[in-house]
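Remarks on the structure that follows.
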Amino acid sequence: MLRSIDHPPAGESDLEDFDTALYGRTLAYVAPGIGQYALGFDPNGEWARGLDEDRPPTISGVLAFIGVGYTGGPDPVLFLHPRFRGELPVGLTALRRRWYDPDANAVVEQPPETEGILRRIEWVDPSALRDDRDA
């Protein structure tokens, strides 16, 4: 089962918001006089709990629509549950995918195989949204 979520636009940081909520947060280690000297990852997100369990997750992933409105937007991103081991339909494997890899202790990303999926939908013409009171 997938969960679909709409999220208002704010840029690439939106992906990090999903990463943090689902998987955990990236840590930067900083020392006086040296600055940042290392990066780490704290898997404390909702889906990082129970990684050692040997059972399928209730939800296999989240299909995130970030910044999609009446006139379209960027293609969705599929965030996969770390315990999901099933097969995805071909249409979903073509999307940009992100997941937490416990062996690497990091969120990894698979770039999309196909782009412009949402551009193929007939969205509202932006000129139809203009205010006709000024005409």
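For segment 53-63: of the residues being in contact with a His (Cβ under 7 Å, 6 or more places away or on another chain) and over 19 Å from Ala106 (Cβ atoms), which is surrounded by the fewest Cβ atoms within 10 Å (Cβ to Cβ)?
At the first step, the residues of segment 53-63 found to be in contact with a His (Cβ under 7 Å, 6 or more places away or on another chain) are 57, 59-61.
So of that shortlist, the ones also over 19 Å from Ala106 (Cβ atoms) come out as 57, 59-60.
On the way: Pro57: 17, Ile59: 14, Ser60: 18.
This residue is Ile59.
Which one of these is more than 22 Å from Gln110 (Cα to Cα) and either of a type outside the set (Lys, Arg) or part of a loop (DSSP other than H, G, I, E, B) (or both): Gly50, Gly86, Gly40? Show your work before the answer.
Numbers: Gly86 fails: more than 22 Å from Gln110 (Cα to Cα); Gly40 fails: more than 22 Å from Gln110 (Cα to Cα).
Result: Gly50 is the single residue among Gly50, Gly86, Gly40 that is more than 22 Å from Gln110 (Cα to Cα) and either of a type outside the set (Lys, Arg) or part of a loop (DSSP other than H, G, I, E, B) (or both).
Give Leu88, Leu78, Leu15, Leu27 a once-over and let me know the one that is at pLDDT 90 or above and either among the hydroxyl-bearing types (Ser, Thr, Tyr) or surrounded by 13 or more Cβ atoms within 10 Å (Cβ to Cβ) (or both).
On the way: Leu88 fails: at pLDDT 90 or above; Leu15 fails: at pLDDT 90 or above; Leu27 fails: either among the hydroxyl-bearing types (Ser, Thr, Tyr) or surrounded by 13 or more Cβ atoms within 10 Å (Cβ to Cβ) (or both).
It is Leu78.
State the number of residues belonging to segment 103-130 that are surrounded by 10 or more Cβ atoms within 10 Å (Cβ to Cβ), of a type in the set (Asp, Glu) and either closer than 15 Å to Leu92 by Cβ or at pLDDT 75 or above (or both).
3
What number of residues within segment 31-62 satisfy the criterion of being modelled with pLDDT of 90 or more, in contact with a Phe, Trp or Tyr (Cβ under 7 Å, 6 or more places away or on another chain) and more than 18 Å from Pro102 (Cα to Cα)?
Selection size over segment 31-62: 2.
The values are calculated or read from the model by the stated rules, or taken from the named source; none is laboratory data. Everything quoted here is computed from the prediction, not taken from an experiment. For neighbour counting, all protein chains shown are included, and Cβ atoms are generated from backbone atoms with ideal geometry for every residue, glycine included.
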